[in-house]
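Novice: Pasting a structure here, questions to come.
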Amino acid sequence: MLRPDVHMLAWDDFDRTAEAIAAGAAAARRALPRIRQMLTMATASAPLMPIPDIVHRPELWLADVAQDVARETAQPRGVAR
């Protein structure tokens with residue numbers, strides 16, 4: 001968990017958002033070694049999963065969406081599928 005040092009900011013210090021963002025960025029930079037270590041451990045222990053075709057071929061997703069829309073518009077209102 002990132003814990004940015006924002007003790008000097010009040011919850012309603014909306015005019016100091018740049019300071020809040022900078023504090024968050026600094027906390028993320030400090031945490032990078034641990035984040036990298038955790039990602040390495042997770043990658044080493046996780047089984048490789050195939051990437052579905054839909055990721056490489058967005059036209060498949062679009063076709064699914066078009067079919068869903070066609071089905072929904074063909075249904076009379078108030079009728080469950």
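No lab work stands behind these numbers, since they all come straight from the coordinates. Since the model is a prediction, treat every value here as computed from it, not as a measurement. No Cβ is skipped: glycine too gets one built from the backbone with ideal geometry, and neighbour counts run over all protein chains shown.
Novice: Could you please report the charge total around Gly24, scoring K, R as +1 and D, E as -1 over all other residues with beta-carbon less than 15 angstrom from its beta-carbon? Walk me through the intermediate numbers first.
Specialist: Numbers: positive: Arg3, Arg16, Arg29, Arg30; negative: Asp5, Asp13, Glu19.
Overall, the nearby charge balance is +1.
Novice: What does the extension gain come out to for Ala74 and Leu2, with contour length at 0.36 nm per residue minus their alpha carbon separation?
Specialist: This chain segment gains 21.1 nm when fully extended.
Novice: Moving on to the next point. Provide the net charge surrounding Leu2, with neighbours chosen by a C-beta distance below 12 Å and charges set as Lys +1, Arg +1, Asp -1, Glu -1.
Specialist: +3
Novice: Which value, in debye to the nearest 20, describes the size of the charge dipole of region 1-47 about its Cα centre when Lys and Arg Cβ atoms bear +1, Asp and Glu Cβ atoms bear -1, and nothing else is charged?
Specialist: 440
Novice: How far apart, in nm, are two points set 7 Å out from the Cα along the Cα-to-Cβ line at Met38 and at Asp64?
Specialist: Taking the simple label geometry, Met38 and Asp64 are separated by 2.9 nm.
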